[in-house]
1. Among the residues of the range 167-191, which ones are more than 22 Å from SER91 (Cβ to Cβ) and at pLDDT below 90?
2. Working only within the range 141-187, note down all residues that are surrounded by fewer than 17 Cβ atoms within 10 Å (Cβ to Cβ), over 17 Å from the mean Cα position of the chain (by Cα) and of a type in the set (Gly, Ala, Ser).
3. Among all residue pairs at least 6 apart or on different chains, which show Cβ distances below 6 Å where the first residue, located in the range 102-115, is more than 11 Å from PHE131 (Cα to Cα) and the second is not acidic (Asp, Glu)?
Amino acid sequence: MVCGGFICTKNALCALNIVYVLVGLLLIGVASWGKWFDLVSSIRVVAGVIGVGIFLFVVAVMGLWGALKHHQVLLFFYMIILFIVFVVQFSVSCACLALNKEQQNNLLQAGWNKSEATQTDLEKTLNCCGFLSVPVNGSSCEARCFHNPKVTCDTCSDIIQRYAGDVLRFVGGIGLFFSFTEILGVWLAHRYRNIKDPRTNPGAFL
């Protein structure tokens, strides 16, 4: 059977959803590993990553089951959900790629002020203190440099801004790539729904 027929489309859709299952499990595993080894102390960050992983896993299982069974209802809802995810992810990816320096700084400061746990994680990881200014001795800071009088601490904004543009471009590029795989999944599911199963009665249409 030529590629583009029932079996080929089914296999392509199954393969795409297996990749999504693996990515979902990877997100769940990495977030759990980071929390287990105390690399990330922010519950919100861990819960957010695990939530995204579970959502992707559930959607992928729905698509995989719909593809294996040629289930019209599952494939329909799979198409709708995947298209919504595509629109959101494509918009966020374009926004990441389009942010200028001032917008990046405002976004970083908003994220910094939102969670003390995130501040602690960044101070430990980047060995920096404060966002725009290093706190005085009476204040708390988790960075190693803060407790060493011979070393001057850099502010976290200085360190983060050195890599913020590259990180946003990387995240935007990865998100843009996966958004196109999602629209591919929508197209495959739509095509697959409208192909007759050659193993059934030729006059039937599932």
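The values are calculated or read from the model by the stated rules, or taken from the named source; none is laboratory data. The structure displayed is predicted, hence computed values, not measured ones. Every residue, glycine as well, gets a Cβ built from its backbone with ideal geometry; the counts of neighbours run over all protein chains shown.
1. The answer is none; no residue qualifies.
2. Scanning the range 141-187 gives a single hit, GLY165.
3. That search, which allows pairs on different chains as well, returns GLN104/ALA164; SER115/SER42.
This table checks each residue for (1) of a type outside the set (Ser, Thr, Tyr); (2) more than 15 Å from GLY185 (Cβ to Cβ); (3) surrounded by 15 or more Cβ atoms within 10 Å (Cβ to Cβ).
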site	(1), (2), (3)
LEU56	yes, no, yes
MET62	yes, no, yes
GLY66	yes, no, yes
LEU74	yes, no, yes
MET79	yes, no, yes
ASN106	yes, yes, no
GLY111	yes, yes, no
GLU116	yes, yes, no
CYS128	yes, yes, yes
